[in-house]
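Asks: Below is the structure I would like to discuss, written out as structure tokens.
The values are calculated or read from the model by the stated rules, or taken from the named source; none is laboratory data. None of the values given here were measured: they were computed from a predicted structure. All Cβ positions, even for glycine, are placed from backbone atoms using ideal geometry, and neighbour counts span all protein chains on display.
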Amino acid sequence: MRAFLALLSGAIFGFGLALSGMMNPSRVRGFLDLFGEWDPTLAFVMGGAMLVMALAWFVQARMAAPIAEAEFHLPGTRAIDRRLLGGAALFGIGWGLAGLCPGPAIASLGTAFRPALIFVAAMLAGMAVFALLDRKRA
């Protein structure tokens, strides 16, 4: 049941990414180009996502446990530190340069979109470098 729900959730998420244009790097760059030919489409996508997430948090607060798990696994901290700010900055820079972020890039692999393959390979390499550096730090 858990695997089926994960597959269903991923399929719905991927469909939403494709339908909304989030898998189209030129649309994403158009949204981020505030001083050029700005494309506000993704602002509506993000606003819709925020409404859905607000509803999800509302429902989650009233549930004792998730459907396919014994307990909820929620973030344990709300600290805004250097690591969070640095990660957010790197994410934003990568999103602006490539026009892709991890979810749409992985979904784009199914369309044989070569830039997505390059992006995902670079993302995995960056994650490996972070894991090595983080292990040395700890």
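One line per residue, one yes/no per condition, for (1) under 14 Å from the mean Cα position of the chain (by Cα); (2) of a type outside the set (D, E, K, R); (3) surrounded by 11 or more Cβ atoms within 10 Å (Cβ to Cβ):
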site: LEU5; (1), (2), (3): no, yes, yes
site: GLY10; (1), (2), (3): yes, yes, yes
site: MET23; (1), (2), (3): yes, yes, yes
site: GLY30; (1), (2), (3): no, yes, yes
site: ASP33; (1), (2), (3): no, no, yes
site: TRP38; (1), (2), (3): no, yes, yes
site: THR41; (1), (2), (3): no, yes, yes
site: VAL45; (1), (2), (3): yes, yes, yes
site: LEU55; (1), (2), (3): no, yes, no
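Asks: Next up: Which helices (runs of 4 or more DSSP H) does segment 55-138 wholly contain that include 3 or more residues that are among the aliphatic types (A, V, I, L, M) and at pLDDT 90 or above?
Replies: 82-98, 114-137
Asks: Checking the conditions here, which among PHE91, PHE113 is within 17 Å of LEU42 (Cβ to Cβ) and either of a type in the set (Phe, Trp, Tyr) or surrounded by fewer than 12 Cβ atoms within 10 Å (Cβ to Cβ) (or both)?
Replies: It is PHE91.
Asks: Condition first: closer than 22 Å to GLY94 by Cα and in a helix (DSSP H, G or I). Can you find one or more residues in segment 1-13 that meet it?
Replies: The answer is yes; a qualifying residue exists.
Asks: Turning to a different aspect of this structure: I need a count of the residues in segment 72-126 that are within 16 Å of the chain's Cα centre (by Cα) and among the β-branched types (Val, Ile, Thr).
Replies: 3
Asks: Would you check if GLY10 is within 30 Å of ARG137 (Cα to Cα) and of a type in the set (Gly, Ala, Ser)?
Replies: No, not satisfied.
Okay, residues lined up against (1) closer than 30 Å to ASP134 by Cα; (2) in contact with a helix residue (DSSP H, G or I) (Cβ under 8 Å, 6 or more places away or on another chain):
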site	(1), (2)
ALA6	yes, no
LEU19	no, no
MET22	no, yes
GLY47	no, no
ALA56	no, no
